[in-house]
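**Student:** Dumping the structure here so I can ask a few things about it.
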Amino acid sequence: MSLLEVRDLHTSFFTPAGEVKAVNGLSFSLEKGKVLGIVGESGSGKSVTAYSILQILTHPGRIVSGSIRFHGEELVGKSDEEMRKIRGNKISIIFQDPMTSLNPTFTIGNQLCEAIEMHTDRNREQSRARAVEMLKLVGISEPEKRLKQYAYELSGGMRQRVMIAMALACEPDILIADEPTTALDVTIQAQILELMMKLQKELGMAIMMITHDMGVIASVCDEVIVMYAGGVCERGTTDAIFYNPRHEYTRGLMRSIPDMSDDEKTPLIPITGTPIDLLHMPPGCPFAPRCEQAMKICLQEKPKEYWVGRDHLSACWMNVKDGICCTERPEEEES
Amino acid sequence: MERNQAGKPASEYLVQVSHLKQYFPVSTGFLKTTMLKAVDDVSFGIRRGETLGLVGESGCGKTTVGRTLLHLYTPTEGEIWFDGEKIGSRESLKNFRKRAQMVFQDPYSSLNPRMTVADIVAEPIDVHKLCAGREAREARIRELMTLVGLNTEHATRYAHEFSGGQRQRIGIARALASNPEFIVCDEPVSALDVSIQAQVINMLEELQERLGLTYLFIAHDISVVKHISNRIAVMYLGHMMELASANELTGHPLHPYTVSLMSAVPIPDPKESRKQQRIVLEGDVPSPLKVPSGCPFRTRCSRATKECAERCPEMREASPDHFVACHHL
Ligand SMILES: Nc1ncnc2c1ncn2[C@@H]1O[C@H](COP(=O)(O)OP(=O)(O)OP(=O)(O)O)[C@@H](O)[C@H]1O
Ligand SMILES: Nc1ncnc2c1ncn2[C@@H]1O[C@H](COP(=O)(O)OP(=O)(O)OP(=O)(O)O)[C@@H](O)[C@H]1O
Ligand SMILES: [Mg+2]
Ligand SMILES: [Mg+2]
C-alpha cells in the first residue's frame with residue numbers, strides 16, 4: 001500500500017465562463033520516505049493538485065470525482081473537521097508565497113505555537129518549547145527573539161524557514177512544498193533544500209516537491225511527474241525522465257533549459273505555441289496542438305498511460321505507434 | 001567616429017553610474033526612523049548594445065538600482081550619465097524618459113487589469129505624444145504587438161485574459177513604444193516556466209539585435225543571466241561585489257560570495273548534480289537595516305578577518321575587465 005494514492009482525480013473551478021478543468025484525470029502514488037517532484041507548465045494544475053489533497057480549494061473550485069487515499073483511507077468526502085486533523089498534522093504544506101500564508105498581524109511565535117497546540121496535546125508552554133526547538137532545527141539563530149517578531153521583519157529566506165518549521169512542527173508523514181525556494185538566491189536555496197533533505201531522512205517523511213526548476217528536481221527528487229493541462233504526460237524515476245524522456249512535452253521542457261556550460265550563447269529552443277485553454281479542452285492529447293510529432297490520432301483520442309520501463313509511464317501515442325510500451329508493468333529494467 | 005545625440009563623440013558606455021546611493025527612511029518604532037541603505041555606493045557602466053546582467057539574493061537592491069537608474073526614484077547620492085549627458089535636470093529627464101524604459105518584475109500585477117492591451121502598449125505614446133492622429137497611433141500599436149509576437153486581433157482584450165508569458169510580452173511592447181535605446185528588464189522571466197521563459201528570452205535577444213538595444217537584465221536565475229548577458233554584476237546587501245564577462249564570472253568567480261553562488265547553481269542533470277560540490281554558506285543574510293560594518297558579506301564569509309570588519313573593500317580590477325571588491329584577492 002502506498003502512503004498516498006491519487007486515482008483519476010478531477011478538480012474543477014466552476015466560473016461564470018464555464019468549467020475550468022484544472023485537474024483532469026490525474027493519477028499517481030507517493031511512497032513513504034520518497035521525494036516526488038512535480039513539474040509542468042504554469043497553470044498545469046500543480047498547486048490545485050496540492051490543494052485538492054489537503055481540500056483547501058477556494059470557491060468556486062471543488063473535487064468533481066476521483067479518489068485520494070492516505071494510508072489506505074479515502075480522503076475525498078471527509079468532513080472539514082476530519083480534514084483539519086490531517087492538515088498540518090499528517091500532511092503539511094509550504095505555500096508558493098510565504099507572505100500570504102503567514103499572518104501579518106500575529107507574531108511568528110503566536111502562529112507556530114497555535115499550530116502545534118492545535119495538532120498535539122502539548123500545552124502552551126510545551127508548544128513554545130517545541131517552537132523554539134523547531135526554529136533551531138531550521139537554522140534560525142536566536143529563536144526566542146524571533147518568536148516575538150512579525151513576518152515582515154524577516155528576510156525572504158528566514159520567512160521560508162519559518163514556514164518549513166511550521167510545516168514540520170507536527171512531524172507530518174507528507175510535506176508538500178509548492179515552489180519553496182523560487183524567490184531565493186541559490187545560496188539560500190541550497191541551504192533550505194539541504195535542510196529539507198536532512199529532515200526528510202531523519203523523520204522518514206515523504207516530500208512532494210512542486211517546482212519549475214529542473215535543477216532542483218535533478219538534485220533532490222527520486223521520482224518525477226510531468227504535468228500538462230491537469231493530467232500526467234509522463235512519470236518515472238528522475239533518471240528515466242532526464243535521460244530517457246518519452247513524451248514530446250518533456251523533451252521540449254528539457255530542450256528549453258539554458259545550459260550553464262555553454263559559452264557560445266546558442267539560442268534557446270522553446271516549445272512553440274500557446275498554452276491550452278482549460279475551458280475548451282480538445283478531444284485528443286492536450287499537447288497535440290503544440291506537438292511537432294502529432295499524428296492524426298493524437299488530435300482525436302486522448303492517449304492512456306502506458307508502461308515504457310519498469311518505473312516509467314508515458315501517455316503518448318508515439319510510444320504505441322512505435323510499439324515500445326505495454327499495458328503491464330515490465331519485468332526488466334529500462335536501459 | 002560615432003556621435004551621441006548631443007553631437008559629441010560617443011563614449012563606449014551608454015549608461016554610467018557613479019557612487020549611486022539610494023536610502024529609504026523606514027519607521028522602526030514610535031517616532032523612530034532608520035535609513036535602509038538599499039543601494040550603497042555602487043558604480044558601473046553599461047556598454048552600447050550590451051546586456052549587463054545583475055544578480056544577487058532577494059532584497060539585495062537589484063530593483064532599486066534599476067529604478068534609481070531610470071530616475072523613478074531620485075538618487076540619495078551619486079551621478080547617472082546617459083549617452084554622455086548627466087541626468088537630473090528637468091530638460092535632461094524629459095528626453096531620457098523616452099530613451100530609457102523598464103519592463104517590470106511581476107507580469108501579474110504590473111499591468112492595469114482595467115486597461116486593454118492597446119491602451120497599455122500605447123501608454124508611452126500618449127504620455128510623450130509620439131503619434132499624431134488616431135490612425136498613426138493604431139498603426140504603431142499593431143506594429144508593436146507584431147514585434148513581440150502578440151496577435152493584433154487581441155488588442156481590445158484586457159490584460160487578465162492573457163497568460164504570464166503573453167503578459168510579459170505586453171509589458172515589453174509597452175517598453176518599446178517610445179523607441180528606447182536602453183531597457184531595464186527587471187526579472188522579466190522569473191514568473192514564467194522554462195518553456196515560456198525560453199520564448200521571451202529569445203524574443204528579447206532578437207529585439208536587441210534588430211533595434212540595437214542596450215539592456216540591464218535583472219534576475220536571480222544564474223543560468224538565464226549567463227545565457228543572455230555579456231557581462232554580469234553581483235550584488236550583496238546594497239553593495240556591488242564583482243563584475244566581469246558572463247563566461248569569466250561563471251567560470252572563474254573570484255569573490256567568496258560569487259564562488260558560493262556559482263557552486264550552488266542547481267544543475268539540471270541528476271548524475272552531475274550528485275557529483276556537485278556545493279559550498280553551503282553558514283548563517284542568514286543580515287537585515288538591510290543592520291548591515292555589518294566593513295564588508296557586508298563578512299558575517300557569512302569563511303575568509304573574513306579583522307580587516308574585513310574595519311574597512312569596506314573597494315572594487316578593484318583583478319584581471320582585465322574583471323572587477324572585484326574583496327580584501328583577500
Ligand atoms: N480560483 C480559480 N478560479 C478559476 N480558475 C482557477 C482558480 N484557481 C486556479 N485556477 C486555474 O486552474 C489551473 C491550474 O492552476 P494551478 O495554480 O494549479 O497551476 P500551477 O501548475 O500551480 O501553475 P504555476 O506554476 O503558475 O504555479 C489554472 O489554469 C488556473 O487558471
Ligand atoms: N520604497 C521602499 N521603501 C523602503 N524600503 C524599500 C523600498 N523599496 C525597496 N526597499 C528595501 O530595499 C531593499 C532592496 O529592495 P529591492 O526591491 O531593490 O531588492 P531586489 O534585489 O530587487 O529583491 P527581489 O529579488 O526580491 O526583487 C529591500 O530591503 C527592500 O525591503
Ligand atoms: Mg502553482
Ligand atoms: Mg526586485
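**Student:** Apply the Karplus curve 6.51 cos²θ - 1.76 cosθ + 1.60, θ = phi - 60°, to the phi angles in the range A:158-163 and return the couplings in whole Hz, x for Gly and Pro.
**Tutor:** Residue by residue, the range A:158-163 yields 5, 4, 4, 6, 5, 4 Hz.
**Student:** Also: Tilt of helix B:194-211 relative to the longest C-alpha principal axis of chain B, in degrees (0 to 90, nearest 10)?
**Tutor:** 70
**Student:** What does the charge add up to near A:Leu4, with Lys and Arg as +1, Asp and Glu as -1, over the other residues with Cβ less than 15 Å from its Cβ?
**Tutor:** Spelling it out: positives minus negatives among the neighbours equals 0.
**Student:** Which residue, B:Phe30, B:Phe44, B:Phe96, tops the fluctuation ranking in a GNM of chain B built on C-alpha contacts under 10 Å?
**Tutor:** So, out of B:Phe30, B:Phe44, B:Phe96, the one fluctuating most is B:Phe30.
**Student:** Mind checking the full-extension length gain between A:Glu202 and A:Glu125? Use 0.36 nm per residue of separation minus the Cα-Cα distance, one decimal, nm.
**Tutor:** Length difference between fully extended and current span is 25.2 nm.
**Student:** Under 5 Å between amide hydrogens, which residues at least 5 positions from B:Val184 or on another chain qualify, with H placed 1.01 Å from N in the peptide plane?
**Tutor:** For B:Val184, the qualifying residues are B:Gln101, B:Met102, B:Val103, B:Leu216.
**Student:** How big, on average over all directions, is the shadow cast by the Cα convex hull of chain B, in nm²?
**Tutor:** Mean orientational projected area (chain B, Cα hull): 20.0 nm².
**Student:** Run lengths n ≥ 4 of DSSP H only: what is the helix-derived mean residue ellipticity at 222 nm for chain A, with -39500 (n - 2.57) per run over all residues, to the nearest 500?
**Tutor:** -9500 deg cm²/dmol
**Student:** What's the longest piece of chain A with no exposed chymotrypsin sites (Phe, Trp or Tyr not before Pro), counting a site as exposed if DSSP puts it in a loop and it has at most 16 other beta carbons within 10 Å?
**Tutor:** Result, exposed sites excluded: A:151-335.
**Student:** On a full-extension model of 0.36 nm per residue, what is the gain between A:Glu114 and A:Lys321, subtracting their alpha-carbon distance, rounded to one decimal in nm?
**Tutor:** Separation in residues times 0.36 nm, less the Cα-Cα distance, equals 68.9 nm.
**Student:** Next question, about the same structure. Give me D for the range A:242-318 in µm² s⁻¹, whole number, from Stokes-Einstein with Rh from the Kirkwood sum over alpha-carbon pairs, 10 °C and 1.306 mPa s.
**Tutor:** Answer, rounded: 112 µm²/s.
**Student:** Shifting gears a bit: Please give the calculated 222 nm ellipticity per residue for chain B, where each DSSP H segment of at least 4 residues contributes -39500 (n - 2.57) and the sum is spread over every residue; nearest 500 deg cm²/dmol?
**Tutor:** -9000 deg cm²/dmol
**Student:** Right, next: How far is it, in nm, from the label point at B:Thr305 to the one at B:His252 when both lie 7 Å from their Cα along the line to the Cβ?
**Tutor:** So the label points at B:Thr305 and B:His252 sit 2.3 nm apart.
**Student:** Additional query: Roughly how crowded by other chains is peptide A:36-42, in terms of the mean Cβ count from those chains within 10 Å of each of its Cβ atoms?
**Tutor:** Counting Cβ atoms of other protein chains within 10 Å of each residue's Cβ and averaging gives 3.
**Student:** Taking N as the number of residues in the range A:115-274, what value does Rg over Cα atoms divided by 2.2 N^0.38 Å take?
**Tutor:** Compactness ratio reported: 1.26.
**Student:** Right, another one. Summing +1 for each Lys or Arg and -1 for each Asp or Glu, what net charge is found among the other residues whose Cβ lies under 12 Å from the Cβ of A:Arg255?
**Tutor:** -2
**Student:** Taking 0.36 nm per residue of separation and subtracting the Cα-Cα distance, what length does fully extending B:Glu135 through B:Ser89 add?
**Tutor:** Gain on stretching B:Glu135 to B:Ser89: 13.2 nm.
**Student:** Something else now. Compute the projected area of the convex hull of the Cα atoms of the protein assembly as shown, averaged over all viewing directions, and report it in nm² to one decimal place.
**Tutor:** For the Cα atoms of the protein assembly as shown, the hull's average projected area reads 32.5 nm².
**Student:** Something else now. Residue by residue through the range B:83-99, what is 3J(HN,Hα) from phi via Karplus (6.51 cos²θ - 1.76 cosθ + 1.60, θ = phi - 60°)? Round to whole Hz and write x for glycine and proline.
**Tutor:** 3J(HN,Hα) across the range B:83-99, in whole Hz: 6, x, 10, 7, 8, x, 5, 4, 5, 5, 5, 4, 5, 4, 5, 7, 8.
**Student:** Also: What nm value, rounded to one decimal, do you get for the distance between A:Thr107 and A:Gln293 when each label is placed 7 Å out toward the C-beta?
**Tutor:** 5.9
**Student:** Looking at the square roots a ≥ b ≥ c of the eigenvalues of the Cα gyration tensor of chain A, which shape do they give, rounded for a/c under 1.5, prolate if a/b is larger than b/c, or oblate?
**Tutor:** prolate
**Student:** Right, here's the next one. How well do other chains shield peptide B:279-285, expressed as the mean number of their Cβ atoms within 10 Å of each residue Cβ?
**Tutor:** 5
**Student:** If I fit a long axis through the Cα atoms of helix B:134-147 and take the longest principal axis of the Cα atoms of chain B, what angle between them do I get, 0 to 90°, rounded to 10?
**Tutor:** Computed tilt is about 50 degrees.
**Student:** Using a Förster distance of 45 Å, how high is the FRET efficiency between A:Asp277 and B:Phe30, based on the Cβ-Cβ distance and rounded to 0.05?
**Tutor:** 0.25
**Student:** Would you kindly derive the ³J(HN,Hα) couplings of the range A:298-305 from the backbone phi angles with the Karplus curve 6.51 cos²θ - 1.76 cosθ + 1.60 (θ = phi - 60°), listing them in order in whole Hz, with x for Gly and Pro?
**Tutor:** Per residue, the Karplus-derived 3J(HN,Hα) values read 4, 7, 9, 9, 6, x, 7, 7 Hz.
**Student:** In what sequence, largest accessible area first, do A:Val320, A:Val232 appear using a 1.4 Å probe?
**Tutor:** Of A:Val320, A:Val232, the descending order of accessible area is A:Val320, A:Val232.
**Student:** Please give the solvent-accessible surface of A:Lys201 in Å², to the nearest 10, using a probe radius of 1.4 Å with every protein chain present.
**Tutor:** Here the residue's solvent-accessible area equals roughly 150 Å².
**Student:** Taking H as built 1.01 Å from N, whose amide H comes closer than 5 Å to the amide H of A:Val76, not counting residues under 5 places away?
**Tutor:** The answer is A:Ile68.
**Student:** On to the next question. Would you look at the GNM of chain B, springs on alpha carbons closer than 10 Å, and say which of B:Ala132, B:Ala244, B:Ala198 moves the most?
**Tutor:** B:Ala132
**Student:** Something else now. What is the local net charge at B:Arg231, summed over the other residues whose Cβ is closer than 10 Å to its Cβ (Lys, Arg +1; Asp, Glu -1)?
**Tutor:** Summing Lys/Arg as +1 and Asp/Glu as -1 gives -2.
**Student:** Just reorder B:Leu329, A:Leu135 by solvent-accessible area, largest first, 1.4 Å probe, all chains present.
**Tutor:** B:Leu329, A:Leu135
**Student:** Taking amide H positions as placed 1.01 Å from N in the peptide plane, with prolines and chain starts having none, which residues 5 or more places from A:Asp185, or on another chain, fall under 5 Å of its amide H?
**Tutor:** Residues meeting the amide H criterion: B:Ser58.
**Student:** Label points 7 Å out from Cα along the Cβ direction at B:Tyr73 and A:Glu81: separation in nm?
**Tutor:** According to this spin-label approximation, the distance is 5.2 nm.
**Student:** Could you name the lysines whose alpha carbon sits less than 24 Å from that of B:Lys306, not counting residues in the same chain fewer than 8 places away?
**Tutor:** Within reach: B:Lys37, B:Lys290.
**Student:** If R₀ is 22 angstrom, what is the calculated FRET efficiency for the pair B:Arg316 and B:Glu12, using the beta carbon separation as r and rounding to 0.05?
**Tutor:** 0.65
The values are calculated or read from the model by the stated rules, or taken from the named source; none is laboratory data. Please read all numbers here as calculations on a predicted model, not as lab measurements. All Cβ positions, even for glycine, are placed from backbone atoms using ideal geometry, and neighbour counts span all protein chains on display. These accessible areas exclude ligands, DNA and RNA; they are computed on the full protein's heavy atoms, side chains included. Shrake-Rupley method; radii C 1.70, N 1.55, O 1.52, S 1.80 Å.
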